[in-house]
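**Q** Pasting in a structure now, in structure tokens, and then I'll have a few things to ask.
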Amino acid sequence: QVQLVESGGGLVQAGDSLRLSCAASGRTFNTFTMGWFRQAPGKEREFVTAITWSGATYYSDSVKGRFTISRDNAKNTVYLQMNTLKPEDPAVYYCAAKVGPVGIRDMVYSYWGQGTQVTVSS
């Protein structure tokens, strides 16, 4: 069993940066693929990025070059560094975990955090 707790959301201006953290409980954190998803009001939850246990990363086209995912297995934490935030980035950002390779569909992730709100003012 894995419990995920996100933090770091908030209100920023367009062009600013923000770093989200996701702290995981459980002794097998370093074996999980970790992902970030986001959901804006009235929209479906969408894949943002993911990182495998070995550190391989994957990004959606909408955030590639602006967002960076990383993980610290010693701290059981995964991070999402978001730079050059745009007006289309606001959403509730969710951390998720799964066994096995990266997936871009939320249904393949077994564990989810409660989400953290990111708001971008223009």
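**Q** Give the residues of the stretch 15-24 that are in a strand (DSSP E or B) and small (G, A, S), sorted by residue number. Talk me through it step by step, then tell me what you get.
**A** First pass over the stretch 15-24, keeping only residues in a strand (DSSP E or B): 18-24.
Passing the criteria: S21, A23, A24.
**Q** Would you be able to say whether some residue in the stretch 37-48 is within 13 Å of V118 (Cβ to Cβ), outside any loop (DSSP other than H, G, I, E, B) and of a type in the set (K, R)?
**A** Yes, the stretch 37-48 contains at least one residue that is within 13 Å of V118 (Cβ to Cβ), outside any loop (DSSP other than H, G, I, E, B) and of a type in the set (K, R).
**Q** Among the residues of the stretch 68-83, is any surrounded by 22 or more Cβ atoms within 10 Å (Cβ to Cβ), assigned to a strand (DSSP E or B) and hydroxyl-bearing (S, T, Y)?
**A** No, there is no match, as no residue in the stretch 68-83 is surrounded by 22 or more Cβ atoms within 10 Å (Cβ to Cβ), assigned to a strand (DSSP E or B) and hydroxyl-bearing (S, T, Y).
**Q** Right, something else. Can you name the residue in the stretch 100-122 that is surrounded by 13 or more Cβ atoms within 10 Å (Cβ to Cβ) and aliphatic (A, V, I, L, M) and, of all such residues, is nearest to T57 (Cα to Cα)? Talk me through it step by step, then tell me what you get.
**A** Of the residues in the stretch 100-122, the ones surrounded by 13 or more Cβ atoms within 10 Å (Cβ to Cβ) are 102-104, 106, 108-113, 115-116, 118-120.
Those left that are additionally aliphatic (A, V, I, L, M): 102, 104, 108, 118, 120.
Numbers: V102: 9, I104: 12, V108: 17, V118: 22, V120: 25 Å.
Among them, the one singled out is V102.
**Q** Next question. Answer yes or no as to whether R27 is part of a strand (DSSP E or B), under 21 Å from Q3 (Cα atoms), open to solvent by 70 Å² or more (accessible area, probe 1.4 Å) and not hydroxyl-bearing (S, T, Y). Write out each step before concluding.
**A** Numbers: part of a strand (DSSP E or B): no; under 21 Å from Q3 (Cα atoms): yes; open to solvent by 70 Å² or more (accessible area, probe 1.4 Å): yes; not hydroxyl-bearing (S, T, Y): yes.
No; evaluated as a whole, the condition is false for this residue.
**Q** Right, something else. If you take the residues of the stretch 47-59 that are open to solvent by 20 Å² or more (accessible area, probe 1.4 Å) and in contact (Cβ under 8 Å) with a residue 40 or more places away in the chain, which of them is farthest from G10 (Cα to Cα)? First the steps, then the outcome.
**A** As a first pass, look at the stretch 47-59 and keep what is open to solvent by 20 Å² or more (accessible area, probe 1.4 Å): 47, 53-59.
Still in the running and in contact (Cβ under 8 Å) with a residue 40 or more places away in the chain: 47, 56, 58.
Values: F47: 20, A56: 28, Y58: 24 Å.
My answer is A56.
**Q** Also, I was wondering about something else. Would you confirm, using the coordinates I've provided, whether G65 is over 21 Å from V92 (Cβ atoms) and either open to solvent by less than 50 Å² (accessible area, probe 1.4 Å) or in contact with a Pro (Cβ under 8 Å, 6 or more places away or on another chain) (or both)? Can you show your working first?
**A** On the way: over 21 Å from V92 (Cβ atoms): yes; either open to solvent by less than 50 Å² (accessible area, probe 1.4 Å) or in contact with a Pro (Cβ under 8 Å, 6 or more places away or on another chain) (or both): no.
It is false that G65 is over 21 Å from V92 (Cβ atoms) and either open to solvent by less than 50 Å² (accessible area, probe 1.4 Å) or in contact with a Pro (Cβ under 8 Å, 6 or more places away or on another chain) (or both).
The values are calculated or read from the model by the stated rules, or taken from the named source; none is laboratory data. These numbers were taken from a predicted model, which means no experiment stands behind them. Reconstructed Cβ throughout: ideal geometry from the backbone, glycine too, with neighbour counts over all protein chains shown. Only protein heavy atoms, including side chains, enter the accessible area calculation; ligands, DNA and RNA are left aside. Shrake-Rupley method; radii C 1.70, N 1.55, O 1.52, S 1.80 Å.
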